[in-house]
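The values are calculated or read from the model by the stated rules, or taken from the named source; none is laboratory data. This structure is a prediction, so every number in the text was calculated from the model and none was measured. Backbone-built Cβ (ideal geometry, glycine too); neighbour counts: all protein chains shown. Surface accessibility is based on the protein's heavy atoms, side chains included, excluding ligands, DNA and RNA. Shrake-Rupley method; radii C 1.70, N 1.55, O 1.52, S 1.80 Å.
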Amino acid sequence: MDIKLEAIIFDVDGTLAETERRGHRVAFNKAFEQEGYPYSWSDELYRELVKTTGGDRRIARYLTEYQDFEPEEARALAKKLHPIKTQLFVDTILNGEVPGRLGVARFIKSLQEAGLRTAVATTGTTKWVHPLVQHLSEEGGFEPFEVVVTGNEVDRLKPAPDLFQLALQRLELEPNQAVMVEDSRNGVRSAMATGGACVAVRGEYAHAEDLEGADLIVDSFGGDEESALKVLGNPWNLKVGRMLTPELMVELHRRRLQS
Ligand code: XBP
Ligand code: MG
């Protein structure tokens, strides 16, 4: 019996919006400064730290690995600082300072017009994810996501599959009825661990080789001539044009199912 593609599940950070370098990293640094700690994460250091998913775990890792904190103390200080960082990032969102990634609104609109359901599964904290996805759907002119799963709702963050599995459960779908869209190595690994299909739209902190295993790797969502996407990996030899489209998602899903 033919299994249809029903839904596209999006990651947030690096996928729906390039939030890390100018958003989260700045909010972490503002929180450190506001609370009187002499820490400041450079872009280069953050490229390493962002491999640790979850902002509070990221702070705790930094304190133990770079500031010689004992694990207990590191966790306690992270618990204190992370909510402060989160509120600072919410303020950034509410000031309209977090734009969607180029081409993502067009892509989501085309998916919804083609009758595909759309959802979110992110490691990020509920408190900022909801205002951000609401802002992106209003700014981008697409319907709100049907399901939004955030890092607070599961025990294991990416690269574990838990977030995508919870989104699939809420959509009442099996992994082979969805395509997941990610930007990073942790995200691609999380999607692959569900057994479903994954499209990687390389994020600012990822390199193409990190995204190996995805069913299609591109550098952007694409658009008209000057913003055409570049294909970085195409294991199914799909016919890929200037932009991601619903038809391409259906074809990728079909090829994968037939394999
Ligand atoms: C990326 C993450 C998050 C953000 C920071 O999530 O790992 O931790 O970097 O947000 P994804 P928080 O790519 O899965 O969307 O500080 O709220 O964790
Ligand atoms: Mg991401």
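Can you sort Lys51, Lys85 by solvent-accessible area, 1.4 Å probe, largest first? Provide the component values of the computation, followed by the final result.
Numbers: Lys51 125, Lys85 5 Å².
From most exposed to least exposed: Lys51, Lys85.
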Would you pull out the residues with amide H under 5 Å of Ser220's amide H, same chain only if 5 or more places away, H placed 1.01 Å from N?
Arg202, Lys230
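Tell me, what % of the accessible area of the chain is carbon and sulfur with a 1.4 angstrom probe? Spell out each step's value before the answer.
On the way: 5730 of 11960 Å².
Using a 1.4 Å probe with all protein chains present, the chain comes out at 48 percent carbon and sulfur.
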Please work out the average accessible area per residue across region 20-94, using the 1.4 Å probe convention, and give it in Å².
52 Å²
Accessible surface, per residue, of region 182-234 when the full set of protein chains is kept, probe 1.4 Å, Å²
38 Å²
Per residue of region 60-73, what does 6.51 cos²θ - 1.76 cosθ + 1.60 with θ = phi - 60° give for ³J(HN,Hα)? Whole Hz please, x for Gly and Pro, Karplus curve as stated.
4, 4, 4, 5, 6, 7, 10, 10, 6, 6, 6, x, 4, 4
What Kirkwood hydrodynamic radius, in Å, does region 20-94 give when the mean of 1/r is taken over all pairs of distinct Cα atoms and then inverted?
12.2 Å
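Given a cut-off of under 8 Å on Cα pairs at least six residues apart, what relative contact order in percent is computed for region 211-259?
Working: 59 pairs, mean separation 15.1, N = 49.
Value for region 211-259: 31 percent.
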Reachable lysines from Lys109, criterion Cα separation under 24 angstrom, eight or more residues apart if same chain:
Lys4, Lys230, Lys239
Candidates per GluC sites (Glu not before Pro) in region 207-257, loop by DSSP, up to 14 other Cβ within 10 Å:
Glu212
Between Pro144, Pro175, Pro161, which gets the highest mean-square fluctuation from a Gaussian network model of the chain, Cα cutoff 10 Å?
Pro144
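What number does the chain give for Rg over Rh if you use C-alpha atoms and the Kirkwood radius?
Working: Rg = 18.2 Å, Rh = 18.7 Å.
Across the chain, the Cα-based Rg/Rh ratio is 0.97.
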Once amide H atoms are placed 1.01 Å from N in the peptide plane, what residues at a sequence separation of 5 or more from Ala197, or on another chain, have their amide H within under 5 Å of its amide H?
Ala178, Met180
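Could you work out Rg/(2.2 N^0.38 Å) for region 154-243, with Rg from alpha carbons only?
On the way: Rg = 13.5 Å, N = 90, 2.2 N^0.38 = 12.2 Å.
That ratio works out to 1.11.
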Under a Cβ-only charge scheme (Lys and Arg +1, Asp and Glu -1), can you give me the dipole magnitude of the chain about the Cα centre, in debye to the nearest 20?
240 debye
Given contacts defined as C-alpha pairs under 8 Å and at least six residues apart, what's the relative contact order of region 54-212, whole-number percent?
15 percent
The lysines whose Cα lies under 23 Å from the Cα of Lys85, excluding any fewer than 8 residues away in the same chain, are Lys30, Lys51, Lys127, Lys158
Pop out the ³J(HN,Hα) list for region 132-140 in order, Karplus 6.51 cos²θ - 1.76 cosθ + 1.60 with θ = phi - 60°, rounded to Hz; leave Gly and Pro as x.
5, 5, 5, 4, 5, 6, 5, 5, x
The set of residues whose placed amide H lies less than 5 Å from the amide H of Val120, leaving out same-chain residues fewer than 5 positions away, is Phe10, Val147, Val148, Val149
With only alpha-carbon atoms counted, please give the Rg and Dmax of region 46-168, in Å.
16.5, 53
Here region 80-94 yields Karplus 3J(HN,Hα) values (6.51, -1.76, 1.60; θ = phi - 60°; whole Hz; Gly and Pro given as x) of 6, 7, 4, x, 5, 4, 4, 5, 4, 6, 4, 4, 4, 5, 5
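Calculated from DSSP H runs of 4 or more alone, at -39500 (n - 2.57) each and per residue, what is the 222 nm mean residue ellipticity of the chain, nearest 500?
Values: 9 runs with 112 residues, N = 259.
Result for the chain: -13500 deg cm²/dmol, rounded to the nearest 500.
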State whether region 125-173 is rounded, prolate or oblate according to the following rule on the C-alpha gyration tensor (a ≥ b ≥ c being the square roots of its eigenvalues): a/c under 1.5 gives rounded; otherwise a/b larger than b/c gives prolate, and the remaining case gives oblate.
oblate
